[in-house]
Each structure stands twice: as structure tokens, then as C-alpha cells.
1. For the subset of the range B:49-69 comprising residues that are modelled with pLDDT under 95 and among the hydroxyl-bearing types (Ser, Thr, Tyr), which member is farthest from residue B:97 (Cα to Cα)?
2. Being within 12 Å of another protein chain (Cβ to nearest Cβ), surrounded by 12 or more Cβ atoms within 10 Å (Cβ to Cβ) and either of a type in the set (Phe, Trp, Tyr) or touching a helix residue (DSSP H, G or I) at 6+ places or on another chain (Cβ under 8 Å) (or both) is true for just one of B:72, B:49. Which residue is that?
3. Mind checking which residues of the range B:81-97 are more than 8 Å from every other protein chain (Cβ to nearest Cβ), at pLDDT below 95 and farther than 17 Å from residue B:43 by Cα?
4. Residue A:79 versus (1) buried (at least 20 other Cβ atoms within 10 Å of the Cβ); (2) within 14 Å of chain B (Cβ to nearest Cβ): which is the lone unmet condition?
5. Could you tell me whether residue A:73 is of a type in the set (Lys, Arg) and at pLDDT below 95?
6. Only one residue in A:45, A:11 is of a type in the set (A, V, I, L, M, F, W, C), touching a residue at least 12 places away in the same chain (Cβ under 8 Å) and closer than 21 Å to residue B:58 by Cα. Which one?
7. Across the range A:8-49, which residue is nearest to residue A:112 (Cα to Cα) among those that are part of a loop (DSSP other than H, G, I, E, B), of a type in the set (S, T, N, Q) and modelled with pLDDT of 95 or more?
8. Among residues belonging to the range A:93-116 that are surrounded by fewer than 19 Cβ atoms within 10 Å (Cβ to Cβ) and free of Cβ contacts under 8 Å to residues at least 12 places away in the same chain, point out the one that is farthest from the other protein chains (Cβ to nearest Cβ).
Amino acid sequence: AQTVTQSQPEMSVQEAETVTLSCTYDTSESDYYLFWYKQPPSRQMILVIRQEAYKQQNATENRFSVNFQKAAKSFSLKISDSQLGDAAMYFCAYRYGSSNTGKLIFGQGTTLQVKP
Amino acid sequence: ETGVTQSPTHLIKTRGQQVTLRCSSQSGHNTVSWYQQALGQGPQFIFQYYREEENGRGNFPPRFSGLQFPNYSSELNVNALELDDSALYLCASSPGQGPKQFFGPGTRLTVL
């Protein structure tokens, strides 16, 4: 069974600095997607970034980028130039690529605090 | 374009009661997934509906059931509520079987 592990329950970063959130996963599949979702206090889950396993290039979305290490089954999120609005809970998630259920498997989450 | 909406925002029930939660999918999305998120935890997949048929189910008992309507909105029904059912229930919609899921704001259920 696929599992997703986030080993950092809480992280903090100074405004304008860079922070990296860690995620590891376990799967025997070769075709899958990995995601980072942000959940602010408003509770709505917002997609931050997505990575397809077949792509070697790391995904980037503005200040957000990932370090995807397929062999190591590692998928970390780097937030550059952190802003107060980045404070939220961040979830790493896995989806089997060929699945017709679209089931997302989430990690336990990392709470990010941004200090002014 | 209207996003995913859920109702109600909050509700309180007592153990043994039944509850219905509602979700309106984003325009053009025919797939709806439901997740349960306990406090301080990641969401857990309950089930998914695609074109009005259940299309995958997580490790939840049969007292969790659902429905999808022709307009692709969906309901989650929970019978015989237990204290452990207290959680945030999230609905997510997607266009077909694509990897992107768009989440609603959730319904906070408290069971006393």
C-alpha cells in the first residue's frame, strides 16, 4: 500500500527567507503524481504544485519549487521569499497515475509559521 | 466560474443520529471525491463518484454512503453517528479522471 510521510510537524521561517518542507512516500508503482497542498485557517485546500513521476524536471510555480528524487522516494517543497500569507498547514499527497478513482493519499501535514 | 461549494459550514449532531452533507462541484466537473479530515491529521479518502456511480471507496464502513446527481452535485450521508465521526469533511471535484482536484471549504461536523 502506498504511504506518505511528513516528518516535520511544525516549521518556522522568517519573512523573505527560504524554507524547505520534507516528504517521503512509499510505492511500488512507476506511474504516479505527487502534490503539495496548502490549507490555511480558512480550511480550503489549495493546490500549490504538482509533479508527474515520469518527468525528470522539477516542477516550479513562482516562489514554490520541488526537489523530486524518484529513486529516494523523496518530494520536498521549497518556498522562497516567504510571505506572511504562506503561513498554513502544508500537505504532501500521492495519486496513482493510472488509477480511475483519483484517490489522493495525504501525509500528516506540516504547519508552517512565518515570522515577520 | 463558481468553485466547489459545500453546505452546511458547521453542524452539531448527537451520537446515533444521521447527517447529510452537500457538495456542488465546479462547473464542468463530473467527478466528486469525499475526504474526512480529523483534527491535526491529513484527509482520508472516503469515496468518489463519477457520472453518478461510485467509482472507488476508502476504508470506511457502509454507514458512510453517497449520491451524485445528474448535475454532478453530491451528498455524503453518515448513519448511526459515532463520536469519532467528528471531523472536517472535504469535497473535491475534478474534470473527468484527471489528476487535478479542486477542494471546497469543508463542513465541520461535531458529534456529541
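The values are calculated or read from the model by the stated rules, or taken from the named source; none is laboratory data. Computed from a prediction, not measured in an experiment: that's the story for all the values here. Here Cβ is always computed from backbone atoms with ideal geometry, including for glycine, and neighbour counts include all displayed protein chains.
1. Within the range B:49-69, the match that is farthest from residue B:97 (Cα to Cα) is B:49.
2. B:49
3. B:95, B:96
4. Condition not satisfied by residue A:79: (2).
5. no
6. Just one listed residue meets the conditions, A:45.
7. The residue in question is A:8.
8. A:99
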